[in-house]
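Peer 1: Attaching a single structure in C-alpha coordinates format; questions to follow.
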Amino acid sequence: MASLSLEGVSRRFGPTTAVDRVSLEVADGSFVALLGPSGCGKTTLLRLIAGFEAADDGLIRIGGDDVTGLAPEARDLGMVFQSYALWPHMTVAENVGFAKALWTLPKAEAAARVGAALDLVGLADYGRRRPAELSGGQRQRVALARCFAKRPRVVLLDEPLANLDAHLREAMLVEFRRFHRETAATFVYVTHDQAEAMSLADRIAVMNGGRLEQVAAPERLYAEPATAMVARFVGAGQLVPVTVAGSVGPGRLAADLWGCRVELRGDDVTGPATGCLRPRDLALADGPDAIPARLAFSTYQGGFWHLELVPEADASQRLRLESDRPPPAPGSRLGLAVRDGWVLPGR
Ligand SMILES: Nc1ncnc2c1ncn2[C@@H]1O[C@H](COP(=O)(O)OP(=O)(O)OP(=O)(O)O)[C@@H](O)[C@H]1O
Ligand SMILES: [Mg+2]
(Lines give C-alpha, C1' and ligand atoms only; values in the text may rest on other atoms or scores of the structure.)
(Ligands and ions follow the chains in the order given, each with its own letter.)
Protein backbone atom coordinates (compact mmCIF):
# COMPACT_ATOMS: atom_id res chain seq x y z
CA MET A 1 0.00 0.00 0.00
CA ALA A 2 1.14 3.55 -0.47
CA SER A 3 0.68 7.17 0.40
CA LEU A 4 -0.07 9.72 -2.28
CA SER A 5 1.40 13.20 -2.43
CA LEU A 6 0.58 16.07 -4.77
CA GLU A 7 2.72 19.19 -4.80
CA GLY A 8 1.60 22.25 -6.74
CA VAL A 9 -0.01 20.20 -9.51
CA SER A 10 -1.56 22.15 -12.41
CA ARG A 11 -3.18 21.22 -15.72
CA ARG A 12 -4.29 23.74 -18.32
CA PHE A 13 -6.46 23.16 -21.40
CA GLY A 14 -6.00 26.26 -23.57
CA PRO A 15 -7.40 29.16 -21.55
CA THR A 16 -8.94 26.85 -18.89
CA THR A 17 -6.88 25.97 -15.83
CA ALA A 18 -8.67 22.72 -14.94
CA VAL A 19 -6.37 21.97 -11.98
CA ASP A 20 -4.68 24.93 -10.34
CA ARG A 21 -1.66 24.40 -8.05
CA VAL A 22 -3.17 21.58 -6.03
CA SER A 23 -1.18 20.25 -3.08
CA LEU A 24 -2.61 17.30 -1.15
CA GLU A 25 -1.22 14.60 1.12
CA VAL A 26 -3.15 11.33 1.29
CA ALA A 27 -1.91 9.02 4.04
CA ASP A 28 -1.27 5.34 3.31
CA GLY A 29 -4.50 3.37 3.67
CA SER A 30 -6.73 6.41 4.11
CA PHE A 31 -9.90 7.30 2.21
CA VAL A 32 -10.07 10.78 0.70
CA ALA A 33 -13.07 12.15 -1.16
CA LEU A 34 -12.63 14.85 -3.81
CA LEU A 35 -15.85 16.84 -3.61
CA GLY A 36 -16.93 19.75 -5.77
CA PRO A 37 -19.40 21.09 -8.33
CA SER A 38 -19.45 20.02 -11.98
CA GLY A 39 -16.45 21.27 -13.94
CA CYS A 40 -14.29 22.07 -10.88
CA GLY A 41 -11.50 19.72 -12.04
CA LYS A 42 -12.13 16.50 -10.09
CA THR A 43 -11.83 14.09 -13.03
CA THR A 44 -8.80 15.94 -14.39
CA LEU A 45 -7.06 15.67 -11.01
CA LEU A 46 -7.83 11.94 -10.84
CA ARG A 47 -6.54 11.46 -14.39
CA LEU A 48 -3.35 13.31 -13.48
CA ILE A 49 -2.80 10.95 -10.53
CA ALA A 50 -3.53 7.95 -12.78
CA GLY A 51 -1.18 9.19 -15.50
CA PHE A 52 -3.82 9.51 -18.25
CA GLU A 53 -3.12 13.22 -18.22
CA ALA A 54 0.27 14.95 -17.93
CA ALA A 55 0.72 17.78 -15.41
CA ASP A 56 1.95 21.15 -16.71
CA ASP A 57 3.47 21.86 -13.31
CA GLY A 58 3.99 20.08 -10.03
CA LEU A 59 5.02 16.78 -8.63
CA ILE A 60 3.07 13.57 -7.95
CA ARG A 61 4.50 10.93 -5.63
CA ILE A 62 3.10 7.49 -4.90
CA GLY A 63 4.62 5.68 -1.94
CA GLY A 64 7.31 8.36 -1.86
CA ASP A 65 8.37 7.74 -5.50
CA ASP A 66 8.08 10.49 -8.09
CA VAL A 67 5.74 9.11 -10.78
CA THR A 68 5.62 12.24 -12.94
CA GLY A 69 6.17 11.01 -16.50
CA LEU A 70 5.46 7.35 -15.70
CA ALA A 71 2.86 5.59 -17.86
CA PRO A 72 -0.43 4.61 -16.15
CA GLU A 73 0.49 0.87 -16.10
CA ALA A 74 3.71 1.63 -14.26
CA ARG A 75 1.97 3.48 -11.40
CA ASP A 76 0.38 0.46 -9.70
CA LEU A 77 -3.06 2.02 -9.42
CA GLY A 78 -6.59 0.78 -9.91
CA MET A 79 -9.14 3.06 -11.49
CA VAL A 80 -12.92 2.66 -11.54
CA PHE A 81 -14.85 4.84 -13.96
CA GLN A 82 -18.42 6.09 -13.81
CA SER A 83 -19.13 4.25 -17.08
CA TYR A 84 -17.70 0.91 -15.75
CA ALA A 85 -15.67 0.48 -18.98
CA LEU A 86 -16.29 -3.28 -19.27
CA TRP A 87 -15.59 -5.22 -22.48
CA PRO A 88 -19.00 -6.39 -23.78
CA HIS A 89 -17.60 -9.42 -25.69
CA MET A 90 -15.79 -10.84 -22.63
CA THR A 91 -17.29 -12.76 -19.73
CA VAL A 92 -17.29 -11.31 -16.23
CA ALA A 93 -14.28 -13.46 -15.27
CA GLU A 94 -12.38 -12.43 -18.43
CA ASN A 95 -13.10 -8.78 -17.72
CA VAL A 96 -11.82 -9.11 -14.16
CA GLY A 97 -8.72 -10.99 -15.32
CA PHE A 98 -7.92 -8.57 -18.13
CA ALA A 99 -5.59 -6.33 -16.11
CA LYS A 100 -2.05 -6.24 -17.42
CA ALA A 101 -0.80 -6.88 -13.89
CA LEU A 102 -2.33 -10.38 -14.08
CA TRP A 103 -0.93 -11.41 -17.48
CA THR A 104 2.49 -12.21 -16.12
CA LEU A 105 1.20 -14.41 -13.27
CA PRO A 106 1.02 -18.23 -13.57
CA LYS A 107 -2.42 -19.17 -14.93
CA ALA A 108 -3.63 -20.80 -11.70
CA GLU A 109 -2.62 -17.83 -9.61
CA ALA A 110 -4.32 -15.36 -11.96
CA ALA A 111 -7.50 -17.48 -11.85
CA ALA A 112 -7.34 -17.57 -8.04
CA ARG A 113 -7.04 -13.76 -7.93
CA VAL A 114 -10.05 -13.38 -10.23
CA GLY A 115 -12.03 -15.79 -8.04
CA ALA A 116 -11.10 -13.94 -4.87
CA ALA A 117 -11.97 -10.55 -6.39
CA LEU A 118 -15.39 -11.82 -7.58
CA ASP A 119 -15.95 -13.29 -4.12
CA LEU A 120 -15.17 -9.94 -2.54
CA VAL A 121 -17.90 -8.22 -4.58
CA GLY A 122 -20.42 -11.03 -4.09
CA LEU A 123 -20.36 -12.21 -7.73
CA ALA A 124 -18.62 -15.59 -7.32
CA ASP A 125 -21.34 -17.33 -9.37
CA TYR A 126 -21.43 -14.77 -12.19
CA GLY A 127 -18.02 -15.39 -13.79
CA ARG A 128 -19.44 -16.88 -17.02
CA ARG A 129 -22.00 -14.18 -17.69
CA ARG A 130 -21.45 -11.25 -20.01
CA PRO A 131 -21.87 -7.60 -18.89
CA ALA A 132 -25.14 -7.30 -20.88
CA GLU A 133 -26.64 -10.02 -18.65
CA LEU A 134 -26.02 -8.03 -15.45
CA SER A 135 -27.82 -5.18 -13.66
CA GLY A 136 -26.18 -1.76 -13.33
CA GLY A 137 -25.10 -2.48 -9.77
CA GLN A 138 -23.63 -5.85 -10.75
CA ARG A 139 -21.67 -4.23 -13.60
CA GLN A 140 -20.27 -1.71 -11.17
CA ARG A 141 -19.19 -4.59 -8.92
CA VAL A 142 -17.41 -6.24 -11.85
CA ALA A 143 -15.53 -2.98 -12.44
CA LEU A 144 -14.57 -2.97 -8.75
CA ALA A 145 -13.50 -6.61 -8.85
CA ARG A 146 -11.32 -5.87 -11.90
CA CYS A 147 -9.71 -3.06 -9.96
CA PHE A 148 -9.09 -5.19 -6.85
CA ALA A 149 -7.79 -8.23 -8.76
CA LYS A 150 -4.75 -6.10 -9.63
CA ARG A 151 -4.19 -5.50 -5.89
CA PRO A 152 -3.25 -1.88 -6.53
CA ARG A 153 -1.63 0.28 -3.88
CA VAL A 154 -3.92 3.18 -4.69
CA VAL A 155 -7.55 2.95 -5.86
CA LEU A 156 -9.03 5.88 -7.80
CA LEU A 157 -12.80 6.02 -8.22
CA ASP A 158 -14.58 8.59 -10.41
CA GLU A 159 -18.26 9.00 -9.44
CA PRO A 160 -18.68 5.21 -9.36
CA LEU A 161 -22.29 5.40 -8.12
CA ALA A 162 -23.58 8.12 -10.43
CA ASN A 163 -25.43 5.69 -12.72
CA LEU A 164 -27.13 3.72 -9.95
CA ASP A 165 -30.52 4.39 -8.35
CA ALA A 166 -30.75 5.76 -4.80
CA HIS A 167 -31.47 2.39 -3.20
CA LEU A 168 -28.52 0.67 -4.85
CA ARG A 169 -26.24 3.63 -4.09
CA GLU A 170 -27.00 3.21 -0.40
CA ALA A 171 -26.10 -0.49 -0.52
CA MET A 172 -22.89 0.20 -2.48
CA LEU A 173 -21.71 2.77 0.10
CA VAL A 174 -21.61 0.00 2.68
CA GLU A 175 -19.66 -2.17 0.23
CA PHE A 176 -17.13 0.56 -0.51
CA ARG A 177 -16.39 0.90 3.19
CA ARG A 178 -15.93 -2.86 3.40
CA PHE A 179 -13.66 -2.95 0.31
CA HIS A 180 -11.56 -0.22 1.79
CA ARG A 181 -11.17 -2.10 5.06
CA GLU A 182 -10.42 -5.42 3.41
CA THR A 183 -7.98 -4.18 0.77
CA ALA A 184 -6.21 -1.66 3.06
CA ALA A 185 -5.43 0.33 -0.13
CA THR A 186 -5.37 4.13 -0.30
CA PHE A 187 -8.63 5.40 -1.82
CA VAL A 188 -9.34 8.62 -3.69
CA TYR A 189 -13.03 8.92 -4.44
CA VAL A 190 -14.45 11.62 -6.71
CA THR A 191 -18.01 12.76 -6.17
CA HIS A 192 -20.21 15.84 -6.33
CA ASP A 193 -22.53 14.31 -3.72
CA GLN A 194 -21.71 15.54 -0.24
CA ALA A 195 -23.65 12.76 1.50
CA GLU A 196 -21.51 10.16 -0.32
CA ALA A 197 -18.31 12.00 0.61
CA MET A 198 -19.40 12.44 4.24
CA SER A 199 -20.35 8.81 4.76
CA LEU A 200 -17.26 7.31 3.12
CA ALA A 201 -14.20 9.46 3.61
CA ASP A 202 -11.74 10.02 6.44
CA ARG A 203 -11.04 13.38 4.89
CA ILE A 204 -12.80 15.45 2.25
CA ALA A 205 -10.96 17.74 -0.16
CA VAL A 206 -13.37 20.36 -1.52
CA MET A 207 -12.48 21.62 -5.01
CA ASN A 208 -13.70 24.77 -6.69
CA GLY A 209 -12.48 26.25 -9.97
CA GLY A 210 -9.49 23.90 -10.09
CA ARG A 211 -8.28 24.77 -6.59
CA LEU A 212 -8.63 23.11 -3.21
CA GLU A 213 -10.83 25.19 -0.91
CA GLN A 214 -10.46 23.08 2.24
CA VAL A 215 -9.26 19.63 3.25
CA ALA A 216 -10.71 18.32 6.51
CA ALA A 217 -12.50 15.47 8.25
CA PRO A 218 -16.24 15.40 7.42
CA GLU A 219 -17.36 16.62 10.87
CA ARG A 220 -14.92 19.51 10.78
CA LEU A 221 -15.82 20.49 7.22
CA TYR A 222 -19.46 20.71 8.23
CA ALA A 223 -18.92 22.44 11.57
CA GLU A 224 -16.10 24.79 10.60
CA PRO A 225 -16.14 25.65 6.89
CA ALA A 226 -13.06 27.69 5.98
CA THR A 227 -14.58 29.56 3.05
CA ALA A 228 -17.95 30.84 1.85
CA MET A 229 -17.94 28.29 -0.98
CA VAL A 230 -17.50 25.36 1.43
CA ALA A 231 -20.14 26.79 3.78
CA ARG A 232 -22.68 26.94 0.94
CA PHE A 233 -21.74 23.71 -0.82
CA VAL A 234 -21.61 21.49 2.27
CA GLY A 235 -24.74 21.37 4.42
CA ALA A 236 -26.59 24.23 2.70
CA GLY A 237 -24.96 26.95 4.80
CA GLN A 238 -26.64 30.38 4.66
CA LEU A 239 -24.28 33.31 4.89
CA VAL A 240 -25.29 36.33 6.96
CA PRO A 241 -23.46 39.56 7.90
CA VAL A 242 -22.50 39.66 11.58
CA THR A 243 -20.47 42.00 13.74
CA VAL A 244 -18.41 40.14 16.32
CA ALA A 245 -18.30 41.97 19.67
CA GLY A 246 -15.89 39.64 21.44
CA SER A 247 -15.21 36.24 22.93
CA VAL A 248 -17.57 34.66 25.47
CA GLY A 249 -15.50 31.52 26.14
CA PRO A 250 -13.18 29.17 24.28
CA GLY A 251 -14.27 29.04 20.64
CA ARG A 252 -17.43 31.06 21.33
CA LEU A 253 -18.17 34.57 20.11
CA ALA A 254 -20.86 37.12 20.86
CA ALA A 255 -22.07 38.84 17.72
CA ASP A 256 -24.72 41.20 16.44
CA LEU A 257 -27.01 39.96 13.69
CA TRP A 258 -29.52 42.53 12.36
CA GLY A 259 -29.52 44.32 15.73
CA CYS A 260 -30.01 41.11 17.74
CA ARG A 261 -27.39 39.46 19.93
CA VAL A 262 -26.40 35.93 18.94
CA GLU A 263 -23.76 33.50 20.13
CA LEU A 264 -21.77 31.67 17.49
CA ARG A 265 -18.75 29.38 17.29
CA GLY A 266 -15.54 30.86 15.90
CA ASP A 267 -11.94 31.82 16.55
CA ASP A 268 -9.97 35.04 16.49
CA VAL A 269 -12.50 37.13 14.59
CA THR A 270 -13.58 40.62 15.59
CA GLY A 271 -15.67 43.27 13.90
CA PRO A 272 -17.57 42.73 10.64
CA ALA A 273 -17.58 39.07 9.56
CA THR A 274 -19.67 36.41 7.83
CA GLY A 275 -21.78 33.93 9.79
CA CYS A 276 -22.74 30.50 8.44
CA LEU A 277 -26.16 29.30 9.59
CA ARG A 278 -27.46 25.83 8.66
CA PRO A 279 -31.23 25.28 8.41
CA ARG A 280 -31.03 23.14 11.54
CA ASP A 281 -29.26 25.95 13.47
CA LEU A 282 -32.44 28.04 13.24
CA ALA A 283 -35.72 27.67 15.13
CA LEU A 284 -38.94 29.63 15.51
CA ALA A 285 -39.02 31.53 18.81
CA ASP A 286 -40.86 34.26 20.71
CA GLY A 287 -39.35 36.67 23.18
CA PRO A 288 -37.32 39.85 23.11
CA ASP A 289 -34.14 38.25 21.64
CA ALA A 290 -35.90 36.70 18.64
CA ILE A 291 -35.02 38.08 15.20
CA PRO A 292 -38.19 39.49 13.60
CA ALA A 293 -38.94 37.94 10.21
CA ARG A 294 -41.80 37.20 7.83
CA LEU A 295 -42.73 33.83 6.38
CA ALA A 296 -42.15 33.82 2.62
CA PHE A 297 -43.45 30.32 2.03
CA SER A 298 -43.59 26.82 3.48
CA THR A 299 -43.75 23.33 2.03
CA TYR A 300 -44.71 20.11 3.78
CA GLN A 301 -41.87 17.56 3.63
CA GLY A 302 -43.45 14.59 5.42
CA GLY A 303 -43.20 14.86 9.20
CA PHE A 304 -41.92 18.43 9.08
CA TRP A 305 -42.27 21.70 7.19
CA HIS A 306 -39.60 23.51 5.25
CA LEU A 307 -39.92 27.26 5.88
CA GLU A 308 -38.35 30.19 4.12
CA LEU A 309 -38.23 33.44 6.11
CA VAL A 310 -37.25 37.00 5.22
CA PRO A 311 -35.68 38.91 8.13
CA GLU A 312 -37.36 42.30 8.57
CA ALA A 313 -33.97 44.02 8.76
CA ASP A 314 -32.86 42.82 5.31
CA ALA A 315 -35.40 42.01 2.62
CA SER A 316 -32.68 40.64 0.31
CA GLN A 317 -31.98 37.67 2.64
CA ARG A 318 -33.77 34.31 2.72
CA LEU A 319 -33.34 31.96 5.66
CA ARG A 320 -34.40 28.33 5.40
CA LEU A 321 -35.27 26.22 8.41
CA GLU A 322 -37.29 23.18 9.36
CA SER A 323 -40.22 23.14 11.75
CA ASP A 324 -42.30 20.26 13.06
CA ARG A 325 -45.31 22.48 13.75
CA PRO A 326 -47.79 23.60 11.06
CA PRO A 327 -46.69 27.09 9.98
CA PRO A 328 -48.98 30.15 9.81
CA ALA A 329 -50.03 31.75 6.52
CA PRO A 330 -47.36 33.25 4.24
CA GLY A 331 -46.67 36.88 5.16
CA SER A 332 -47.12 36.21 8.92
CA ARG A 333 -44.65 37.76 11.34
CA LEU A 334 -42.47 35.23 13.19
CA GLY A 335 -39.49 35.28 15.54
CA LEU A 336 -36.27 33.47 14.78
CA ALA A 337 -33.73 32.06 17.24
CA VAL A 338 -30.16 31.20 16.26
CA ARG A 339 -29.21 28.05 18.19
CA ASP A 340 -25.83 27.48 16.58
CA GLY A 341 -23.64 28.89 13.83
CA TRP A 342 -20.08 29.48 12.74
CA VAL A 343 -18.18 32.68 12.02
CA LEU A 344 -16.04 32.20 8.91
CA PRO A 345 -12.38 33.01 9.42
CA GLY A 346 -11.41 36.22 7.59
CA ARG A 347 -14.08 38.00 5.64
N1 LIG B 1 -9.57 17.29 -22.59
C2 LIG B 1 -10.02 18.51 -22.27
N3 LIG B 1 -9.91 19.55 -23.12
C4 LIG B 1 -10.33 20.78 -22.81
N5 LIG B 1 -10.92 21.10 -21.63
C6 LIG B 1 -11.06 20.12 -20.73
C7 LIG B 1 -10.65 18.77 -20.99
N8 LIG B 1 -10.92 18.00 -19.92
C9 LIG B 1 -11.51 18.83 -19.03
N10 LIG B 1 -11.60 20.09 -19.50
C11 LIG B 1 -12.14 21.26 -18.78
O12 LIG B 1 -11.52 21.31 -17.52
C13 LIG B 1 -12.46 21.66 -16.51
C14 LIG B 1 -12.51 20.56 -15.45
O15 LIG B 1 -13.10 19.39 -16.00
P16 LIG B 1 -13.29 18.05 -15.18
O17 LIG B 1 -13.81 17.03 -16.11
O18 LIG B 1 -12.03 17.75 -14.48
O19 LIG B 1 -14.41 18.49 -14.13
P20 LIG B 1 -15.20 17.59 -13.06
O21 LIG B 1 -15.02 18.27 -11.74
O22 LIG B 1 -14.81 16.17 -13.16
O23 LIG B 1 -16.71 17.80 -13.53
P24 LIG B 1 -17.97 16.75 -13.47
O25 LIG B 1 -18.47 16.74 -12.05
O26 LIG B 1 -18.96 17.40 -14.38
O27 LIG B 1 -17.49 15.42 -13.95
C28 LIG B 1 -13.77 21.90 -17.23
O29 LIG B 1 -13.88 23.28 -17.47
C30 LIG B 1 -13.61 21.13 -18.51
O31 LIG B 1 -14.40 21.69 -19.52
MG1 LIG C 1 -15.84 14.42 -13.68
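Peer 1: Quickly run through segment 178-190 and pick out the residues that are in a helix (DSSP H, G or I) and either within 16 Å of ligand 1 (Cβ to nearest atom) or exposed (fewer than 15 other Cβ atoms within 10 Å of the Cβ) (or both).
Peer 2: Start the filter on segment 178-190 by keeping residues that are in a helix (DSSP H, G or I), which leaves 178-183.
Once the filter is applied, which keeps residues that are in a helix (DSSP H, G or I) and either within 16 Å of ligand 1 (Cβ to nearest atom) or exposed (fewer than 15 other Cβ atoms within 10 Å of the Cβ) (or both), segment 178-190 yields Arg178, Arg181, Glu182.
Peer 1: Let me ask you something else. Report those helices (runs of 4 or more DSSP H) wholly inside segment 191-277 carrying at least 2 residues which are farther than 29 Å from Glu312 by Cα and not β-branched (Val, Ile, Thr). Steps first, please.
Peer 2: On the way: elements: 194-200, 218-223, 228-233.
Ranges flagged: 194-200, 218-223.
Peer 1: Of all residues in segment 214-259, how many are in contact (Cβ under 8 Å) with a residue 40 or more places away in the chain and acidic (Asp, Glu)?
Peer 2: The qualifying residues number 1.
Peer 1: Now for a different question. Does segment 122-134 include one or more residues that are out of contact with any Ser or Thr (no Cβ under 6 Å at 6 or more places or on another chain), in contact (Cβ under 8 Å) with a residue 24 or more places away in the chain and within 16 Å of ligand 2 (Cβ to nearest atom)?
Peer 2: no
Peer 1: Okay, moving on. Only one of these is over 26 Å from the mean Cα position of the chain (by Cα), surrounded by 14 or more Cβ atoms within 10 Å (Cβ to Cβ), away from ligand 2 (no atom under 13 Å from the Cβ) and in the same structural domain as Gly127 (by TED's automatic domain parsing): Ala101, Ala71. Name it. Step through it out loud before you land on a result.
Peer 2: On the way: Ala71 fails: surrounded by 14 or more Cβ atoms within 10 Å (Cβ to Cβ).
Of Ala101, Ala71, the one residue that is over 26 Å from the mean Cα position of the chain (by Cα), surrounded by 14 or more Cβ atoms within 10 Å (Cβ to Cβ), away from ligand 2 (no atom under 13 Å from the Cβ) and in the same structural domain as Gly127 (by TED's automatic domain parsing) is Ala101.
Peer 1: Tell me which of these Leu24 doesn't satisfy, since it passes every other one: (1) modelled with pLDDT of 95 or more; (2) buried (at least 21 other Cβ atoms within 10 Å of the Cβ).
Peer 2: Leu24 satisfies all of (1) modelled with pLDDT of 95 or more; (2) buried (at least 21 other Cβ atoms within 10 Å of the Cβ) except (2).
Peer 1: Right, next: In segment 26-46, how many residues are more than 10 Å from ligand 2 (Cβ to nearest atom) and within 16 Å of the chain's Cα centre (by Cα)? Give the steps one after another, and end with the answer.
Peer 2: So in segment 26-46, the residues more than 10 Å from ligand 2 (Cβ to nearest atom) come out as 26-33, 35, 37.
Filter again for within 16 Å of the chain's Cα centre (by Cα), leaving 26, 30-33, 35, 37.
Residues meeting the conditions: 7.
Peer 1: Now for a separate question. List the number of the failed condition for Met79; all other conditions in (1) buried (at least 18 other Cβ atoms within 10 Å of the Cβ); (2) more than 10 Å from ligand 1 (Cβ to nearest atom); (3) part of a helix (DSSP H, G or I) hold.
Peer 2: Failed condition: (3).
Each row is one residue, and each column tells you yes or no for (1) within 16 Å of ligand 2 (Cβ to nearest atom); (2) in contact with a helix residue (DSSP H, G or I) (Cβ under 9 Å, 6 or more places away or on another chain); (3) free of Cβ contacts under 8 Å to residues at least 60 places away in the same chain.
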| residue | (1), (2), (3) |
| --- | --- |
| Arg141 | no, yes, yes |
| Phe148 | no, yes, no |
| Asp158 | yes, yes, no |
| Ala171 | no, yes, yes |
| Val188 | yes, yes, no |
| Gln194 | yes, yes, no |
| Asp202 | no, yes, no |
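Peer 1: Let me ask something additional. Of Thr299, Thr243, Thr274, which residue is in contact with a His (Cβ under 6 Å, 6 or more places away or on another chain), at pLDDT 95 or above and at negative phi?
Peer 2: Details: Thr243 fails: in contact with a His (Cβ under 6 Å, 6 or more places away or on another chain); Thr274 fails: in contact with a His (Cβ under 6 Å, 6 or more places away or on another chain).
Of the residues listed, the single one that is in contact with a His (Cβ under 6 Å, 6 or more places away or on another chain), at pLDDT 95 or above and at negative phi is Thr299.
Peer 1: Scan segment 292-316 residue by residue and report those that are under 14 Å from Pro279 (Cβ atoms) and not in a strand (DSSP E or B).
Peer 2: Selection gives Gln301, Phe304.
Peer 1: Which residues, counting only those in segment 316-338, are touching a Lys or Arg at 6+ places or on another chain (Cβ under 8 Å) and surrounded by 14 or more Cβ atoms within 10 Å (Cβ to Cβ)?
Peer 2: Within segment 316-338, Leu321, Glu322, Leu334 meet the criteria.
The values are calculated or read from the model by the stated rules, or taken from the named source; none is laboratory data. Note that this is a predicted model, so its numbers are computed, not measured. So basically every Cβ, Gly included, is an ideal-geometry build from the backbone, and we count neighbours across all protein chains shown.
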